[in-house]
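Encoded as C-alpha coordinates, the structure appears first; notes follow it.
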Amino acid sequence: MEESALAATVASCRALIDSRFPDGGDRGAAAMLLGDGTILTGTAPDAMNASVEVCHEIEPYCGAFRLNQRIVASVCLHRQAGGRTVVLSPCGVCRERLAVHGPGVLVAVADRSDLTLVVWKTLRDVLPDYWMTAFPDEIDAGWTV
Ligand SMILES: [Zn+2]
(Lines give C-alpha, C1' and ligand atoms only; values in the text may rest on other atoms or scores of the structure.)
Protein backbone atom coordinates (compact mmCIF):
# COMPACT_ATOMS: atom_id res chain seq x y z
CA MET A 1 0.00 0.00 0.00
CA GLU A 2 1.26 3.38 -0.95
CA GLU A 3 2.17 5.43 2.08
CA SER A 4 1.01 8.61 0.35
CA ALA A 5 -2.49 7.21 -0.16
CA LEU A 6 -2.69 6.28 3.50
CA ALA A 7 -1.39 9.71 4.53
CA ALA A 8 -3.96 11.33 2.24
CA THR A 9 -6.70 9.27 3.89
CA VAL A 10 -5.67 10.49 7.35
CA ALA A 11 -5.41 14.06 6.05
CA SER A 12 -8.91 13.84 4.55
CA CYS A 13 -10.25 12.70 7.90
CA ARG A 14 -8.59 15.62 9.70
CA ALA A 15 -9.81 18.04 7.03
CA LEU A 16 -13.41 16.93 7.47
CA ILE A 17 -13.25 17.47 11.23
CA ASP A 18 -11.81 20.95 10.73
CA SER A 19 -14.17 21.98 7.93
CA ARG A 20 -17.37 20.55 9.39
CA PHE A 21 -16.63 21.63 12.97
CA PRO A 22 -14.61 24.86 12.71
CA ASP A 23 -15.41 25.78 16.32
CA GLY A 24 -12.61 23.46 17.44
CA GLY A 25 -14.88 21.41 19.68
CA ASP A 26 -14.91 17.80 20.68
CA ARG A 27 -15.70 16.01 17.37
CA GLY A 28 -14.66 13.15 15.16
CA ALA A 29 -14.77 11.71 11.67
CA ALA A 30 -13.67 8.74 9.63
CA ALA A 31 -12.16 8.23 6.21
CA MET A 32 -11.75 5.18 4.03
CA LEU A 33 -9.47 4.51 1.10
CA LEU A 34 -11.18 2.48 -1.61
CA GLY A 35 -9.76 0.09 -4.17
CA ASP A 36 -9.90 2.63 -6.97
CA GLY A 37 -8.04 5.23 -4.89
CA THR A 38 -11.11 7.19 -3.92
CA ILE A 39 -11.16 8.51 -0.36
CA LEU A 40 -14.57 8.76 1.27
CA THR A 41 -15.15 10.57 4.55
CA GLY A 42 -17.96 10.71 7.04
CA THR A 43 -19.01 11.85 10.45
CA ALA A 44 -21.76 10.78 12.79
CA PRO A 45 -24.81 12.97 13.34
CA ASP A 46 -25.94 13.81 16.84
CA ALA A 47 -29.12 12.16 18.12
CA MET A 48 -31.45 12.97 20.99
CA ASN A 49 -31.08 9.40 22.21
CA ALA A 50 -27.41 8.40 22.21
CA SER A 51 -28.36 4.76 21.77
CA VAL A 52 -29.33 5.40 18.15
CA GLU A 53 -26.15 7.23 17.15
CA VAL A 54 -23.89 5.58 14.59
CA CYS A 55 -20.14 5.31 14.14
CA HIS A 56 -18.26 7.87 12.05
CA GLU A 57 -17.33 5.02 9.71
CA ILE A 58 -20.90 4.38 8.56
CA GLU A 59 -21.00 7.01 5.80
CA PRO A 60 -17.80 5.94 4.01
CA TYR A 61 -18.62 2.28 4.63
CA CYS A 62 -22.00 2.61 2.92
CA GLY A 63 -20.46 4.79 0.22
CA ALA A 64 -18.01 2.05 -0.66
CA PHE A 65 -20.90 -0.35 -1.09
CA ARG A 66 -22.83 2.18 -3.19
CA LEU A 67 -19.80 2.57 -5.46
CA ASN A 68 -19.13 -1.19 -5.55
CA GLN A 69 -15.60 -0.64 -4.30
CA ARG A 70 -13.57 -2.66 -1.85
CA ILE A 71 -12.28 -0.93 1.26
CA VAL A 72 -8.49 -0.83 1.47
CA ALA A 73 -8.00 1.23 4.62
CA SER A 74 -10.05 2.92 7.35
CA VAL A 75 -9.18 5.61 9.87
CA CYS A 76 -11.24 7.27 12.59
CA LEU A 77 -10.01 10.35 14.44
CA HIS A 78 -11.38 12.25 17.40
CA ARG A 79 -10.42 15.89 17.99
CA GLN A 80 -10.58 16.79 21.62
CA ALA A 81 -11.53 20.28 22.75
CA GLY A 82 -8.26 22.15 22.64
CA GLY A 83 -7.19 20.59 19.37
CA ARG A 84 -5.46 17.34 20.32
CA THR A 85 -6.59 14.68 17.84
CA VAL A 86 -6.42 11.05 18.89
CA VAL A 87 -6.73 7.93 16.77
CA LEU A 88 -9.70 5.68 17.50
CA SER A 89 -9.32 2.08 16.46
CA PRO A 90 -12.49 0.69 14.86
CA CYS A 91 -15.04 -0.53 17.37
CA GLY A 92 -16.06 -4.17 17.41
CA VAL A 93 -19.08 -3.57 15.21
CA CYS A 94 -17.05 -1.71 12.62
CA ARG A 95 -14.42 -4.46 12.66
CA GLU A 96 -17.21 -6.90 11.89
CA ARG A 97 -18.42 -4.67 9.04
CA LEU A 98 -14.91 -4.30 7.63
CA ALA A 99 -14.35 -8.07 7.80
CA VAL A 100 -16.50 -8.37 4.66
CA HIS A 101 -13.56 -6.78 2.82
CA GLY A 102 -11.10 -9.39 4.04
CA PRO A 103 -8.30 -9.67 6.59
CA GLY A 104 -5.99 -7.40 4.63
CA VAL A 105 -7.99 -4.22 5.25
CA LEU A 106 -5.74 -1.72 6.98
CA VAL A 107 -7.17 -0.06 10.07
CA ALA A 108 -5.68 2.85 11.93
CA VAL A 109 -4.92 2.30 15.59
CA ALA A 110 -3.22 4.66 18.00
CA ASP A 111 0.46 4.38 18.72
CA ARG A 112 0.61 3.21 22.33
CA SER A 113 3.15 5.85 23.32
CA ASP A 114 1.44 8.71 21.47
CA LEU A 115 -2.30 8.38 20.90
CA THR A 116 -2.19 11.09 18.21
CA LEU A 117 -0.06 8.96 15.88
CA VAL A 118 -1.57 6.50 13.42
CA VAL A 119 -0.24 2.95 13.27
CA TRP A 120 -1.65 0.90 10.41
CA LYS A 121 -2.49 -2.71 11.15
CA THR A 122 -4.32 -5.31 9.13
CA LEU A 123 -7.75 -6.38 10.24
CA ARG A 124 -6.27 -9.84 10.79
CA ASP A 125 -3.81 -8.33 13.27
CA VAL A 126 -6.58 -6.69 15.29
CA LEU A 127 -8.86 -9.76 15.00
CA PRO A 128 -6.42 -12.65 15.45
CA ASP A 129 -9.12 -15.09 16.47
CA TYR A 130 -11.92 -13.87 14.21
CA TRP A 131 -14.94 -16.07 14.80
CA MET A 132 -15.57 -16.91 11.14
CA THR A 133 -12.25 -18.79 10.94
CA ALA A 134 -14.21 -21.64 12.55
CA PHE A 135 -16.12 -21.96 9.26
CA PRO A 136 -13.44 -22.16 6.57
CA ASP A 137 -15.85 -23.65 4.06
CA GLU A 138 -18.21 -20.71 4.37
CA ILE A 139 -15.81 -17.82 3.98
CA ASP A 140 -13.17 -16.75 1.57
CA ALA A 141 -11.13 -13.59 1.18
CA GLY A 142 -8.25 -15.11 3.13
CA TRP A 143 -9.76 -15.38 6.57
CA THR A 144 -8.99 -19.06 6.92
CA VAL A 145 -6.05 -19.85 9.18
ZN1 LIG B 1 -17.81 1.56 14.98
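List of remarks:
- Number of positions in the stretch 107-127 that are within 16 Å of the ligand (Cβ to nearest atom) and closer than 20 Å to residue 15 by Cβ: 3
- One residue stands out in the stretch 15-53 among those that are open to solvent by 40 Å² or more (accessible area, probe 1.4 Å) and under 13 Å from the mean Cα position of the chain (by Cα): the one that is farthest from residue 122 (Cα to Cα), namely 41.
- Of the residues 87, 93, the single one that is within 14 Å of the ligand (Cβ to nearest atom) and surrounded by 15 or more Cβ atoms within 10 Å (Cβ to Cβ) is 87.
- Subset of the stretch 23-66 (residues that are out of contact with any helix residue (DSSP H, G or I) (no Cβ under 8 Å at 6 or more places or on another chain), more than 16 Å from the ligand (Cβ to nearest atom) and under 22 Å from residue 100 (Cβ atoms)): 35, 36, 38, 66
- The numbered conditions (1) part of a strand (DSSP E or B); (2) farther than 18 Å from residue 94 by Cβ are all true for residue 40 except (2).
The values are calculated or read from the model by the stated rules, or taken from the named source; none is laboratory data. Because the structure is a prediction, the values reported are computed rather than measured. Virtual Cβ from ideal backbone geometry, glycine too; neighbours counted across all protein chains shown. Quick note on the areas: whole protein, heavy atoms, side chains included, nothing else; ligands and nucleic acids left out. Shrake-Rupley method; radii C 1.70, N 1.55, O 1.52, S 1.80 Å.
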